[in-house]
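Written below as structure tokens is the structure these notes are about.
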Amino acid sequence: MPRLLSGDDIRRRPEASEMLDSLLATGGLVLLRDSVEWEGRGLLKALIKKSALRGEQVHVLGCEVSEEEFREGLGSDVNSRLVYHDLFRDPLNWSQPGEAAPEGPLKALRSMCRRTDRGSVTIALDSLSWLLCHIPCVTLCQALHALSQRNVDPGDNPLIEQVRVLGLLHEELHGPGPVGAVSSLAHTEVTLSGKMDQTSASILCRRPQQRATYQTWWFSILPDFSLDLHEGLPLHSELHRDPHTTQVDPASHLTFNLHLSKKEREAKDSLTLPFQFSSEKQQALLHPVPGQTTGRIFYEPDAFDDVDQEDPDDDLDI
Amino acid sequence: MAAAATCGAGTLSSECVASEAGQSRTSSFQRRGKASGAPGGGPRLLSIAGTRPSVRNGQLLVSTGLPALDQLLGGGLAVGTLLLIEEDKYNIYSPLLFKYFLAEGIVNGHTLLVASAKENPANILQELPAPLLDDNGKKELEDVHSAKPPEADANMKIAWRYQLQPRMEQVGPVLSSRFGHYYDVSRRIPQELLESSNWHGFFLPEHTPPGLKGEPCFLSCGYMKLLQFFQNIIYTEGFDGANPQKKQKNILRIGIQNLGSPLWGDDICCKENSDNHHRLTKFLYILRGLLRSSLSACIITMPAQLVQNKAITTRVRNLSDTVVGLESFIGSERETNPLYKDYHGLIHIRKIPRLNNLTCDESDVKDLAFKLKRKLFTIERLHLPPDLSDTVGRSSRQDLAPSTTLLGTGCSGMTGGKKRLDF
């Protein structure tokens, strides 16, 4: 069901495209690091949609979900530009007679660049975690680097302008070694986390000849895989409360009164605090009683006081 | 192996280089007698562009391309030694030190040997920073490029006794006689400098047969091919003295990028118990032997923070002569810490070599930070702002202690104690 744009959406939409554009600005490997709690396939699809709408050819190496499930929610204009290489149904190439089983994923990965058309190409790997489980880490890193570097091999297509690789990595499945090794190859690294039903993406961009940029975006993904950005960490009032949870009044069961009665308030107002600079004290200081003696300072000049009446600058001719 | 025979197993001193040069008569103007290498007299120092002898131990030094770093390393990088740069977490600042080293070689007319598994060496050289030259340097550069060809001066009259001597030729454009230059990272090195320089590139994918990629054989032979490439260049171009250099004596600057990373076929970054954990240490051991017996200096960048087994990191440090570690603030809590707001990271001098003596040039400055300005990469002493208010809590002050690592007494190890900074 297409959603009508509100004024709020119109205000935020350019920022959402700005975030996606910053992720797709350069070639090389864009690594999406997600977890069980904050899954990254939605963001991967949003990036694929953005690339396809920019007129790029998109190749998806699907390992974890079926082609039908992956294409679901993407429009026909996006799906027409999407080539799905299915490793989900037959991951180890058992249907091909005489093919070595471990060669399946690696062969598919290596052959992707040669199948591409002219122009910029986006290759999405769903997911790198699955590939890491089936291919040695060193071999995968070398294949990834060869894939993201334009025209490294003589067999690569010379018509390709720029190759961008989007890799989804479930970092909880791997130790620090493989995650660090794959991260070291990434030009852009996106780490997904969040708080209170809001997803945040911490983006580190390593562009050549420029300083690295590190920024955090708060967003939610709409059903049509477009992004809705938020202004930083959302407040409690903005979040949808679960209707099943009962709200407990924090003011109940207190050991002190929050609300004073009329009599208590009058008693409080009439009380004079001992150290307060009251109007009575002020009057007593300004208008002293005539009979009361006040303190005085008596000064007697000392014999050694140097009281020189002459002007010290008298001899100067000014 | 003339140098090795003369000097033993140690690194090449400037006197040793001079004696080697004395055997192949390269100078047009030579004095006879004791000074020219006769048994009775000591050899004269050989002047190679971009080098100078160490005031401490007579060792021949080359600049790292960063004068501030030269000062911290005892005047420069000794010829025949290996400098290890431990990369920062996101490998942003370590490539700058790598490029400074190579750019300094081009400015001084040294031969470069660039090895990488990640980037094509030709692309690395295209991205080198441009030298910042004063008026004298610019004048020298103009003189080099506007120099008349040697044929124009063929009829020049010189003393008859020198006519039979071989004429000295200028090797490459030596821009400045200074030791160490400053570079502008916002500008690229002039193309004519690159074209006139002598360099060799080793790009691992180009040296790998297409059928072997990903095979166990390929993973083990990456380092082997690199060593063979080094040995071939050192021998054929006469950097080891076996095949005398045709022209003026020159230095070979070797740069290896991301050594030990998975792209080199090494799995020390992927597994704690690596299958071939000895492969890297073997490579460094042989490489150091090649360096010791040749007129060369080497810089290696290595992702030390990715190495899973810290014993391997320790071995690599032991096999290196000089070790410098970079610690970037990007993505860490220190980036927002007010104590570090003026800096982009810390620099740790983990090891300084002891060359020809029992002590080393230990710098009195322990706490070093670096900053990347628009044009310059600078190394400064870490100055903390005065603690005038309660805004800087005790916790943030204690946070500084582990980062301010001090040099050990032996220069090779780090002191384990968490010492406070003295101000």
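Scan segment B:57-82 for residues that are buried (at least 24 other Cβ atoms within 10 Å of the Cβ), outside any loop (DSSP other than H, G, I, E, B) and either modelled with pLDDT of 90 or more or of a type in the set (A, V, I, L, M, F, W, C) (or both) and jot them down. Within segment B:57-82, B:60, B:61, B:62, B:69, B:77, B:78, B:82 qualify. The set of residues in segment B:207-249 that are modelled with pLDDT of 85 or more and either under 15 Å from residue B:262 (Cα atoms) or within 13 Å of chain A (Cβ to nearest Cβ) (or both) comprises B:222, B:223.
Residues that are modelled with pLDDT under 85 and either touching a Leu at 6+ places or on another chain (Cβ under 8 Å) or in a loop (DSSP other than H, G, I, E, B) (or both) within segment A:66-81 comprise A:72, A:74, A:77, A:81, listed in sequence order.
Picking from residues in segment A:179-197 that are touching a helix residue (DSSP H, G or I) at 6+ places or on another chain (Cβ under 9 Å) and away from chain B (no Cβ under 13 Å), the one that is surrounded by the fewest Cβ atoms within 10 Å (Cβ to Cβ) is A:196. Kindly evaluate residue A:116 against the criterion of being among the polar types (S, T, N, Q), more than 29 Å from residue B:307 (Cα to Cα), in contact with a strand residue (DSSP E or B) (Cβ under 7 Å, 6 or more places away or on another chain) and at pLDDT below 85. It is true that residue A:116 is among the polar types (S, T, N, Q), more than 29 Å from residue B:307 (Cα to Cα), in contact with a strand residue (DSSP E or B) (Cβ under 7 Å, 6 or more places away or on another chain) and at pLDDT below 85. Every test in (1) farther than 18 Å from residue A:186 by Cβ; (2) modelled with pLDDT of 75 or more; (3) within 14 Å of chain B (Cβ to nearest Cβ); (4) out of contact with any helix residue (DSSP H, G or I) (no Cβ under 9 Å at 6 or more places or on another chain) is passed by residue A:133 save one, and that test is (4). Keeping to segment B:255-293, report how many residues are touching a residue at least 60 places away in the same chain (Cβ under 8 Å) and over 23 Å from residue A:176 (Cα atoms). Counting residues in segment B:255-293 that are touching a residue at least 60 places away in the same chain (Cβ under 8 Å) and over 23 Å from residue A:176 (Cα atoms) gives 10. Within segment B:280-292, the residues that satisfy the criterion of being out of contact with any strand residue (DSSP E or B) (no Cβ under 6 Å at 6 or more places or on another chain) and either of a type in the set (A, V, I, L, M, F, W, C) or closer than 16 Å to residue A:142 by Cβ (or both) are B:280, B:283, B:284, B:286, B:287, B:290.
Any residue in segment A:18-35 that is at pLDDT below 80 and farther than 25 Å from residue A:182 by Cβ? Yes, that holds for at least one residue. Would you call residue B:352 more than 14 Å from every other protein chain (Cβ to nearest Cβ), touching a Gly at 6+ places or on another chain (Cβ under 9 Å) and at pLDDT 80 or above? Yes, satisfied. Filtering B:318, B:356 for residues that are on the phi > 0 side of the Ramachandran plot and out of contact with any Asp or Glu (no Cβ under 9 Å at 6 or more places or on another chain) leaves a single hit, B:356.
Within segment B:255-274, being more than 10 Å from chain A (Cβ to nearest Cβ) and either in a loop (DSSP other than H, G, I, E, B) or of a type in the set (Lys, Arg) (or both) holds for B:257, B:259, B:260, B:273. Out of the residues in segment B:249-266 meeting the condition of being of a type in the set (D, E, K, R) and buried (at least 24 other Cβ atoms within 10 Å of the Cβ), tell me which one is farthest from residue B:93 (Cα to Cα). So the residue we want is B:266.
For segment B:257-289, the tally of residues that are within 20 Å of residue A:185 (Cβ to Cβ), among the hydroxyl-bearing types (Ser, Thr, Tyr) and at pLDDT below 90 stands at 1. Scanning segment A:34-44 for residues that are surrounded by fewer than 24 Cβ atoms within 10 Å (Cβ to Cβ) and not small (Gly, Ala, Ser) yields a total of 5.
Looking only at segment B:275-287, residues that are surrounded by fewer than 18 Cβ atoms within 10 Å (Cβ to Cβ) and away from chain A (no Cβ under 14 Å) come to 5 in all.
Here B:96, B:83 are screened, and the one residue that is within 17 Å of residue B:302 (Cβ to Cβ), out of contact with any helix residue (DSSP H, G or I) (no Cβ under 7 Å at 6 or more places or on another chain) and either within 14 Å of chain A (Cβ to nearest Cβ) or without any contact (Cβ under 8 Å) to a residue 12 or more places away in the chain (or both) is B:96. Regarding residue A:109, is this residue over 26 Å from residue A:223 (Cα atoms), within 14 Å of chain B (Cβ to nearest Cβ) and modelled with pLDDT of 85 or more? The answer is no for residue A:109. The residues of segment A:161-178 that are facing chain B (nearest Cβ under 10 Å) and surrounded by 19 or more Cβ atoms within 10 Å (Cβ to Cβ), listed by number, are A:174, A:177, A:178.
The values are calculated or read from the model by the stated rules, or taken from the named source; none is laboratory data. Bear in mind that the values here come from a model prediction, so they are computed numbers and not experimental data. We place every Cβ from the backbone using ideal geometry, glycine too, and count neighbours over all the protein chains shown.
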